[in-house]
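Asker: Got a structure here, written out as structure tokens. Questions coming.
Just so you know, all these numbers are worked out from the coordinates, no wet-lab data involved. Remember, predicted model here, so these are calculated numbers, not experimental data. With ideal geometry, Cβ positions are generated from the backbone for all residues, glycine too; neighbour counts draw on all protein chains shown.
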Amino acid sequence: MTATVTQDGYGWDIGPLLLEGFAPGDKARLILEELGVSERVPSVHEDRGLSMPEFSLWRPKEYEGPYWRRERLKELFPQESAHLDRYYRFYDRMIRLMSLARQAEPARGLAALWFKLRMLLAFQGVKDKVKWSGGQLMDHYFDSPVLKTFFLGIVADFVTAPSEFPGLGVPSIHLETAFDKRIPTYPGTKSAQTAYTYILGGCQSLVNAVMGVTLANGGKVLTGMAVKRIVLEGGRATGVELADGRIEPADRVLASGGMKEVFFGLVGRESLPAELITQIESNRLMESVLMVQLGIDFDPTPYQPAALCYYYKTQDLEGAVRRLRTGDYHEGKDGFLIYVPSLHSPSLAPAGKHAVTIYTVAPDTLAEGTWSGRKEELADKLVAAAEAHIPGLRARTQTRLVLTPEDYRQRTAQKHHSFGGVPPVMGNKPPAHKTPIKDLWFIGAQSESTGGVLNVMTGAQKVAKRILTDE
Ligand SMILES: Cc1cc2nc3c(=O)[nH]c(=O)nc-3n(C[C@H](O)[C@H](O)[C@H](O)COP(=O)(O)OP(=O)(O)OC[C@H]3O[C@@H](n4cnc5c(N)ncnc54)[C@H](O)[C@@H]3O)c2cc1C
């Protein structure tokens with residue numbers, strides 16, 4: 001998913017946009033340093049906008065401190081002033097707890113015990129909400145459905161209903177630092193309020209850098225070559241069989257991809273314990289995305305001042321998720337995002353022009369028609385919806401590239417494309433990295449690491465360390 005595609009002199013990422021973990025001293029950056037390729041993956045600390053039918057919030061010109069959005073919301077919703085204060089007190093408590101958890105990660109012995117005690121104390125302040133869903137949490141703090149959507153709307157992007165999302169997780173998916181890069185961040189602050197960055201030149205530089213390490217160390221990369229079977233001998237993974245029937249022997253197999261595709265398709269149910277089969281079948285997955293890449297010949301910043309903005313269009317998040325899961329595509333009416341990567345990476349567009357990505361969550365399989373049959377029609381509708389915010393998108397399009405769920409399915413070798421891996425649905429339990437089959441490890445967005453670039457990277461790093469220490 002971290003690929004950058006090109007057409008007619010423009011370039012666009014097909015997946016991740018604003019990433020956590022890549023600022024100096026943060027987790028993904030440290031992994032790149034450990035691999036010796038950090039300088040090949042330059043990134044820039046940024047923030048994004050948030051737009052709703054009722055109002056839009058963009059970072060103010062002059063920095064107004066870490067709580068400027070709270071104060072702006074009080075002006076917009078004076079009757080909810082006290083509620084906003086209460087929510088932000090909860091937010092601060094959760095950030096404190098998350099920050100302690102982060103600092104505790106490398107601690108050992110007495111230091112670890114000390115952190116545990118402090119976390120236990122911090123937990124007392126939020127303990128009463130531990131079983132709440134995101135929806136309950138929002139109902140507790142706010143009356144206005146607009147405010148509830150403001151803080152929680154991103155869950156619909158994860159194809160997770162408010163009633164399915166853990167309430168204590170709400171601050172982590174709506175960090176203030178995502179909306180103003182001037183708010184002090186980790187690691188300087190030791191706070192869990194992380195910095196968000198764009199990978200300059202597109203996420204492909206991440207792939208190239210890491211692939212470079214593999215090649216420089218005598219590794220070989222085969223692309224366009226599906227694995228059709230993981231070879232087992234005596235209950236142990238001993239290699240993979242490729243689509244052309246070739247067998248590649250291996251000391252260990254690290255499989256990434258869909259959990260069902262890997263375990264049921266490549267390994268086979270007959271070789272798996274019944275509990276693992278039930279566990280895999282019990283997980284809910286995300287749906288896919290419809291992405292329209294445009295090359296335009298004008299500067300969109302008068303209409304969208306930040307490179308990225310999420311446009312929320314519905315307050316019925318429960319209904320939106322339910323509809324997505326039944327193949328009922330919203331055609332942009334529930335929301336979408338617009339991203340202009342060439343603002344931070346001019347190499348992604350010819351001089352004076354811009355690369356624009358418009359995408360929205362979309363059902364893996366349409367209830368009516370097929371993605372290939374309706375590709376252009378649904379892309380047109382999405383661009384029309386985006387044009388309400390950036391006029392001129394259609395008339396001034398120089399080139400267009402549409403990616404449907406069918407394209408994503410094919411790229412990822414998934415039968416059902418889940419765009420961010422395992423969603424944060426309460427009760428979901430993705431398969432562990434260590435599988436019941438000796439020498440077979442499961443990594444990637446549908447493993448216990450869960451999705452997102454940082455999670456996938458740190459998960460893979462943990463597996464590498466466990467293999468090296470023979471754990
Ligand atoms: C539109 C979009 C936006 C996103 N936004 C963000 C974001 O803002 N921030 C963020 O952190 N994350 C984001 N993500 C999610 C993130 O990109 C993914 O969770 C993560 O990159 C997944 O990495 P992975 O290695 O698990 O999977 P992938 O990148 O899918 O890699 C798995 C690879 O395995 C290959 N494969 C699978 N099965 C086989 C087989 N049988 N034989 C051969 N090869 C096989 C696939 O072809 C694929 O190349 C986004 C994703 C999408 C699609």
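Asker: Check cross-link reach from Lys61 to the aspartates and glutamates: straight Cα distance under 12 Å, and skip same-chain residues fewer than eight apart.
Answerer: Filter leaves Asp180.
Asker: Let me ask something else about it. Work through the residues other than Arg394 whose Cβ is under 15 Å from its Cβ and net out their charges, Lys, Arg +1 and Asp, Glu -1.
Answerer: -2
Asker: To continue, here is another question. Over the alpha carbons of the range 285-412, what is the largest minus smallest coordinate on each principal axis, giving the biggest first in Å?
Answerer: Projected onto the principal axes, the Cα atoms of the range 285-412 cover 43, 32, 25 Å.
Asker: Dipole of the range 285-412 (Lys/Arg Cβ +1, Asp/Glu Cβ -1, origin at the Cα centre): which of Ala355, Gln315, His389 lies farthest to the positive side?
Answerer: Value: Ala355.
Asker: Among 106-115, 406-415, what's the highest-first ranking by average C-beta atoms within 10 angstrom per residue?
Answerer: Per-residue mean Cβ counts within 10 Å order the peptides as 406-415, 106-115.
Asker: Please work out how many pairs of lysine residues in the range 285-412 are eight or more positions apart (or on different chains) and have Cα atoms closer than 21 angstrom. Before the final figure, lay out the partial values.
Answerer: Values: Lys313/Lys333; Lys313/Lys381; Lys333/Lys375; Lys333/Lys381.
Count of close lysine pairs: 4.
Asker: Now for a separate question. Can you check what the Kirkwood hydrodynamic radius comes to for the range 123-244, Cα pairs only, in Å to one decimal? Walk me through the numbers on the way to the answer.
Answerer: Details: mean 1/r = 0.0520 Å⁻¹.
Evaluated over the range 123-244, this radius sits at 19.2 Å.
Asker: Here is a follow-up. If we restrict to alpha carbons, what Rg and Dmax does the range 342-390 come to, in Å?
Answerer: Final numbers for Rg and Dmax: 14.3, 42 Å.
Asker: Then there's this: Hey, what D do you get for the chain in µm²/s if you plug the Kirkwood alpha-carbon radius into Stokes-Einstein at 25 °C and 0.890 mPa s?
Answerer: Values: Rh = 23.7 Å.
For these conditions, the coefficient is 104 µm²/s.
Asker: Please work out, to two decimal places, the log10 of the ratio I(q)/I(0) at q = 0.10, 0.21 Å⁻¹ from a Debye calculation in which every Cα of the range 354-471 carries one identical scatterer.
Answerer: Treating every Cα as an identical point scatterer, log10 I(q)/I(0) equals -0.47, -1.16.
Asker: Setting aside same-chain residues fewer than 8 positions from Lys116, which lysines have a Cα under 23 Å from its Cα?
Answerer: Lys27, Lys127, Lys129, Lys131, Lys190, Lys462
Asker: Would you work out the relative contact order for the chain, in percent, from Cα pairs under 8 angstrom that are 6 or more residues apart?
Answerer: The normalised contact order for the chain reaches 20 percent.
Asker: Right, next: Quick check: net charge around Met211, other residues with Cβ under 11 Å of its Cβ, Lys/Arg +1 and Asp/Glu -1?
Answerer: Values: positive: Arg40, Lys220; negative: none.
Overall, the nearby charge balance is +2.
Asker: Moving on to the next point. Can you put Thr360, Thr2, Thr223 in order of Cβ neighbours within 10 angstrom, beginning with the fewest?
Answerer: Going from sparsest to densest Cβ surroundings: Thr223, Thr2, Thr360.
Asker: For the range 110-177, what number results from the quotient of the Cα radius of gyration and 2.2 N^0.38 Å? Write out the running numbers ahead of the final one.
Answerer: Values: Rg = 14.2 Å, N = 68, 2.2 N^0.38 = 10.9 Å.
Cα-based Rg divided by the globular estimate yields 1.30.
Asker: Compute the projected area of the convex hull of the Cα atoms of the range 266-313, averaged over all viewing directions, and report it in nm² to one decimal place.
Answerer: Approximately 7.0 nm², given one-decimal rounding.
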